[in-house]
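Contents: one structure, followed by commentary.
Rule-based calculations on the coordinates, nothing more; no lab input. In this text, all values refer to a predicted model and were calculated from it rather than measured experimentally. Cβ placement follows ideal geometry from the backbone for every residue including glycine, while neighbour counts extend to all protein chains displayed.
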Amino acid sequence: MKNVFKTFAVASTFALSASLAWAAGTHPITGETLADDQTFTYRVLDEAASYDPQLLEDVDSSKIARDLFEGLYNQDGQGNLIPGVALSHTISDDKTVYTFKLRDTAK
């Protein structure tokens, strides 16, 4: 019985590993086959003055910070606002208080 359990455990582990390897090579939604190397190279022409969003003054640093940090809202491919960290917001009648409902998983 002990050998049967070991054989089952080894076979199960192999099957799980094979299925994970197959799943890792496909797009999770479309099922499209992906390249083995999923490296994205980000080219920066000049050194950024700062990566701190509170200190940014130049366009190049702002572009980098936009890619590093998620905002309350983002833009889709057509430029429409879509939820980022904020799921929704309300504005007071006098337009002085904005209240944002944030994702539970936001950090």
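Backbone amide hydrogens, once placed in the peptide plane, bring residue 87 within less than 5 Å of 101, 102, 103, excluding anything fewer than 5 places away on its chain.
Straight-line reach from residue 107: taking Cα to Cα under 20 Å and skipping same-chain neighbours fewer than 8 places apart, the aspartates and glutamates in range are 52, 67, 70.
Which chymotrypsin sites (Phe, Trp or Tyr not before Pro) from the range 66-107 combine a DSSP loop assignment with at most 10 other Cβ atoms within 10 Å?
Values: sites: 69, 73, 98, 100; in loops: 69.
Here no chymotrypsin sites (Phe, Trp or Tyr not before Pro) fit, given the DSSP loop and packing criteria.
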